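Trainee: Below you will find the structure I want to go over with you.
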Amino acid sequence: MRRWKRKQALIVVQTASQKAVGQAMVSVATMLVDKKIVAKDEPTAVPKLVSDIWGRGVLAFEFSFGKTALKKSELKPLRVQINQLIEGYAKSQGLSSKYEYPVFYVTDIWLYHEELHVDVANVVNEPTREYIEDLKKVE
């Protein structure tokens, strides 16, 4: 019974986090279209939970924005730009993190079969902060 309650509580937290990150990434999808990085019909701000790989309680989500002509060398500046956009969104919504990272933080950005993928963490709990620390160790 206790395990079931814990699992239900985690699902509630993940669902709320997924919604918050998805709303923050809507501005990113708009920017990608405006800058002609992806086609107008390509971007979606539909997050997919990635914590199944990393462990319980990690609030990190993958976004796939579709085909792009970007080169690998262009990803680092785009990552900075996306972080600035989602930090601005968080401030406008009065959202903040008690950790050393912003409440929304791009943990990875990559190209796969010419499609742009972005992972974003919602840094509101210790497992997510630890996840970011682990990623920094392997970079």
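Trainee: Of the conditions (1) crowded, with 18+ Cβ neighbours inside 10 Å; (2) in a helix (DSSP H, G or I), Lys76 satisfies every one except a single condition; which number is it?
Mentor: Result: Lys76 fails condition (1) only.
Trainee: Moving on to the next point. Just give me the residues in segment 96-117 being crowded, with 18+ Cβ neighbours inside 10 Å, assigned to a loop (DSSP other than H, G, I, E, B) and not hydroxyl-bearing (Ser, Thr, Tyr), in sequence order.
Mentor: Scanning segment 96-117 gives Pro102, Val103.
Trainee: What's the number of the condition Lys137 fails, among (1) part of a loop (DSSP other than H, G, I, E, B); (2) among the basic types (Lys, Arg); (3) over 16 Å from Val13 (Cβ atoms)?
Mentor: Condition not satisfied by Lys137: (1).
Trainee: Could I ask something else about it? Of the residues Leu85, Leu111, Leu78, which single one is farther than 16 Å from Ile132 by Cα, touching a residue at least 40 places away in the same chain (Cβ under 8 Å) and in contact with a His (Cβ under 9 Å, 6 or more places away or on another chain)?
Mentor: Within the list Leu85, Leu111, Leu78, the selection yields Leu111.
Trainee: Further, regarding this structure: In contact with a Leu (Cβ under 6 Å, 6 or more places away or on another chain) and closer than 22 Å to Ala16 by Cβ - does that describe any residue in segment 118-131?
Mentor: Within segment 118-131, one or more residues are in contact with a Leu (Cβ under 6 Å, 6 or more places away or on another chain) and closer than 22 Å to Ala16 by Cβ.
Trainee: If you check Val28, Val46, which single one turns out to be exposed (fewer than 15 other Cβ atoms within 10 Å of the Cβ), of a type outside the set (D, E, K, R), within 11 Å of the chain's Cα centre (by Cα) and under 20 Å from Ala16 (Cβ atoms)?
Mentor: Going through Val28, Val46 in turn, the sole match is Val46.
Trainee: Say we look at segment 1-59 and pick out the residues that are in a helix (DSSP H, G or I) and touching a Lys or Arg at 6+ places or on another chain (Cβ under 7 Å); which of these is modelled with the highest pLDDT?
Mentor: Across segment 1-59, the extreme among qualifying residues is Val33.
Trainee: What number of residues within segment 118-134 satisfy the criterion of being of a type outside the set (Val, Ile, Thr) and either part of a strand (DSSP E or B) or closer than 16 Å to Glu62 by Cα (or both)?
Mentor: 4
The values are calculated or read from the model by the stated rules, or taken from the named source; none is laboratory data. Note that the structure is predicted; figures quoted are calculated from it, not measured. Neighbour counts are summed over all protein chains in view; Cβ atoms, including those assigned to glycine, are modelled from backbone coordinates with ideal geometry.
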